[in-house]
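Participant: Submitted below is the structure of interest, expressed as structure tokens.
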Amino acid sequence: MRHPILAAFATVLLAAQGSQALAQSAAAPARPGPQGSGELLDGIAAVVNEGVVLVSQLETEIATVTRRLREQKTELPPPAVLRKQVLERLVMEEIQIQRAARLGVNVSDEVLNNALNDVATRNNLSFADLPRALEAQGLDYRDYRDTIRRELQLQILRQRDVLQRINVSPRELEQFLAKQKSGVDQSSEYNLAHILVSVPVSASTEELAAREARAKEVFGKARSGEDFAQLAVAYSDSGTNVQGGALGWRPGSQLPSVVVDAIPGMKPGDVTEPLRTPSGFHIFKLLEVRGGIQQAVESQVHARHILLQTNELEDDSTVQQKLKGIRARIVEQNEDFAAIAAVTSADKGSAVDGGDLGWTGPGSFVPDFEKVLQALKENEISEPFRTQFGWHIVQLLGRRMHDTTDDVRRNRAFAALRESKAEEETELWLRRLRDEAFVEYKM
């Protein structure tokens, strides 16, 4: 079981990296020996490009993983196997950190403090109380900050290198939705574990056959009842190996695409045969199924607005008076709201539609705008008011209770397609980074 503080942090990140542990104890930094003694208190476990993985980092991480596996009552692999798995993960992390540094991917203190404040809030603590709470769990606050900053940095790097380059076409979305109707229950959540037997990008025929044979061997062991988590620790090439291959709970809309077709015919405890993708052979175990998507009905409003902004020639008072004049023309002289919005509104996105903002649900607008809108009667036009974007007048065109179940399903389908592509693309991206890196093991 993770520390409660660390467990909470896993929910703070919006896009969890399948190949990275989201909350690890910070590795101990290298320290010189006593002055003049010449004694070394640390060593180098691996040289990674221009950086290193220290023995102290490796030992700290092995201790963390060992403790976690024991708490999960998962049998430990042989020490040499565990050491190799953990060292490789640290090497991969170092490669990514170096790339982030080269690209100027940084995490500001403000972003870091916001993330830590979320951790504190989720644990019913104030931000000021967080250091003491961590200390009570045996964690150094400065090391913890460094760990969280590093994890956020890797998240941003993955967003930049992988997620931003993934496209989902309208045709893909429609095909996916049609397939879902006869496939995975989108209203359910699935708890999965995973083993990856990777295949090098430039693998020869012999290498491919050897990797396939290894995958079939692992599948046979899993099918015969051997502990799946232990098999993942011993055999999986995925970054989740030291977590027993656990992928956690995922809604049907966010399952890895490679396993979607297999899920409908599975029940808890079942294991898939090896599934081939460009990154290798995947074996999944369905652990549990739960829940479902309930009908979603929300209160929506239909509105249109006109936005004016201040400039060097027109201050707040001038813009406010101008909007009062526009409102009077509409209310008293029956001029057309849409026509005026089209030529005067500074909101170019809605101006082309006569200021129409469409039907929107709660939280769609900034609080100041939403507060004014909620106080209006149907067809009423507000007095001029100010938000962070400028000065507005807004007209409420209607209210309704709308069933958004289909919208939710569509949005989740889009997220699922993107996430399923992201998992495979992330594995390939990590493989490319590893292939391009210089790594020399020192132990």
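Participant: Modelling each spin label as a point 7 Å along the Cα-to-Cβ direction, I'd like the Asp316/Ala178 distance in nm, to one decimal.
Facilitator: 5.6
Participant: Hey, any idea what the orientation-averaged projected area of the convex hull of segment 389-443's Cα atoms comes to, in nm²?
Facilitator: 9.8
Participant: Once you mark the chymotrypsin sites (Phe, Trp or Tyr not before Pro) that are in a DSSP loop and have at most 15 other Cβ atoms within 10 Å, what is the longest gap between them in the chain?
Facilitator: The longest such stretch corresponds to 1-388.
Participant: Once semi-axes √(5λ) of the Cα gyration tensor in Å is worked out from the coordinates, which option in (i) 50, 30, 20; (ii) 41, 31, 20; (iii) 35, 26, 20 does it equal?
Facilitator: (i)
Participant: Give me the net charge of Asn191's neighbourhood, meaning all other residues with Cβ under 12 Å from the Cβ of Asn191; Lys, Arg count +1, Asp, Glu -1.
Facilitator: +1
Participant: Mind jotting down the distance between the C-alpha centroids of segment 123-139 and segment 377-405, whole Å?
Facilitator: Value for the Cα centre distance between the two parts: 43 Å.
Participant: Counting only helical runs of four or more DSSP H residues, what would the 222 nm mean residue ellipticity of the chain come to if each run contributes -39,500 (n - 2.57) and the total is spread over all its residues? Provide the component values of the computation, followed by the final result.
Facilitator: Working: 15 runs with 205 residues, N = 443.
It lands at -15000 deg cm²/dmol.
Participant: By the scheme Lys and Arg +1, Asp and Glu -1, what is the net charge of all other residues having a beta-carbon under 11 Å from that of Glu425?
Facilitator: Neighbour charge sum, excluding Glu425 itself: +1.
Participant: Using just the Cα positions, wrap segment 215-315 in a convex hull and report its mean projected area in square nanometres, one decimal place.
Facilitator: Reported value for the Cα convex hull: 13.4 nm².
Participant: Could you work out the pair-distance distribution P(r) of segment 297-403 from its alpha-carbon pairs, with 10 angstrom bin width and percents rounded to whole numbers?
Facilitator: Result returned by the calculation: 15, 49, 30, 5, 1.
Participant: Can I ask one more? Mind listing which trypsin sites (Lys or Arg not before Pro) in segment 120-207 are in a DSSP loop and have 16 or fewer other Cβ atoms within 10 Å?
Facilitator: Details: sites: Arg122, Arg132, Arg142, Arg145, Arg149, Arg150, Arg158, Arg160, Arg165, Arg171, Lys179, Lys181; in loops: Lys181.
Those that pass, being in a loop and sparsely packed, are Lys181.
Participant: May I pose another question? Specify the residue with the greatest mean-square fluctuation among Glu212, Glu93, Glu71, computed from a Gaussian network of the chain linking alpha-carbon atoms under 10 Å apart.
Facilitator: Looking only at Glu212, Glu93, Glu71, the largest GNM fluctuation is found for Glu71.
Quick note: the coordinates plus some simple rules give every number you see, no bench work behind them. Keep in mind that this is a model prediction, so the values were computed, not measured. Here the Cβ is made from the backbone with ideal geometry for all residues, glycine too, and neighbour counts use every protein chain on show.
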